[in-house]
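Working notes for the structure below.
The values are calculated or read from the model by the stated rules, or taken from the named source; none is laboratory data. Treat the numbers as computed from the prediction; the structure is a model and nothing was measured. Cβ sites come from the backbone with ideal geometry, for glycine too, and all protein chains shown count toward neighbours.
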Amino acid sequence: MKHLLHCLIALALSSCLPIQDFGSYWDKGYIDESVIGNWDISDSAAKIKKEAKTEIVHVTSKGNTFSVEFIENGKTQAEQDQLIGRTLNAGVYKYFLYGSRSEIKNAKGMLFRYVVKDNYFMIYDLKPDSLFKLLHDKYSSVTNIKKADCTSRIICEPIEITKLDEGVFKILSQIPDTLEFWTMSAASVRTK
């Protein structure tokens, strides 16, 4: 349930890739100033019908990490264990590495690809079938990124990273930037 909440806070359920071990890559992350601020993730279709709640993701920097809070109708939602994150550059891409403070302490968390442009925060889904074909055809020796075993899980991300190592990092940095591999799954607008 904690990962579901994390992905909702991160704006896109299907975009989040679970990582069992960040390896040395958490320490290579940094604060991307363009992420800091308030991001409106409210459902625009519900807003038109006047049924929507105002939902904001509030991102600040604390030291060398982001602090992430979820605000609904002006009230900060209590998170038992604060969410923190960092940006990791991989080739031309930016990935948001994040998790609860206790998960990060144990080198675990999630990641998703993002772009900030013209006051929009856009999240991209990696298409599993295309990735698995690429892994099979070009990166068969890399074993730390694979198809997840979802047989006994209600909620399951199809791609699983057991350890963010040099091989996985290389793949993340070299996935072609085409519609075959990526689709924009969410866009949020910066708000005050």
Self-check item: Residues of the range 96-132 classified as assigned to a helix (DSSP H, G or I) and either under 22 Å from LYS163 (Cβ atoms) or in contact with a strand residue (DSSP E or B) (Cβ under 9 Å, 6 or more places away or on another chain) (or both), total
Solution: 9
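Picking from GLU166, GLU180, GLU160, which residue would you name as being more than 29 Å from ILE71 (Cβ to Cβ) and in contact with a helix residue (DSSP H, G or I) (Cβ under 7 Å, 6 or more places away or on another chain)?
Working: GLU166 fails: in contact with a helix residue (DSSP H, G or I) (Cβ under 7 Å, 6 or more places away or on another chain); GLU160 fails: in contact with a helix residue (DSSP H, G or I) (Cβ under 7 Å, 6 or more places away or on another chain).
Going through GLU166, GLU180, GLU160 in turn, just one is more than 29 Å from ILE71 (Cβ to Cβ) and in contact with a helix residue (DSSP H, G or I) (Cβ under 7 Å, 6 or more places away or on another chain): GLU180.
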Quiz item: In the range 58-82, how many are modelled with pLDDT under 85 and among the hydroxyl-bearing types (Ser, Thr, Tyr)?
Solution: 1
Quiz prompt | Residue count, the range 145-192 (criterion: part of a loop (DSSP other than H, G, I, E, B) and among the aromatic types (Phe, Trp, Tyr)) | solution = 1
Quiz item: SER102 versus (1) out of contact with any Cys (no Cβ under 7 Å at 6 or more places or on another chain); (2) surrounded by 15 or more Cβ atoms within 10 Å (Cβ to Cβ); (3) not acidic (Asp, Glu): which is the lone unmet condition?
Solution: (2)
Practice problem: For VAL142, state whether it is under 17 Å from the mean Cα position of the chain (by Cα), free of Cβ contacts under 8 Å to residues at least 40 places away in the same chain and surrounded by 13 or more Cβ atoms within 10 Å (Cβ to Cβ). | Solution: no
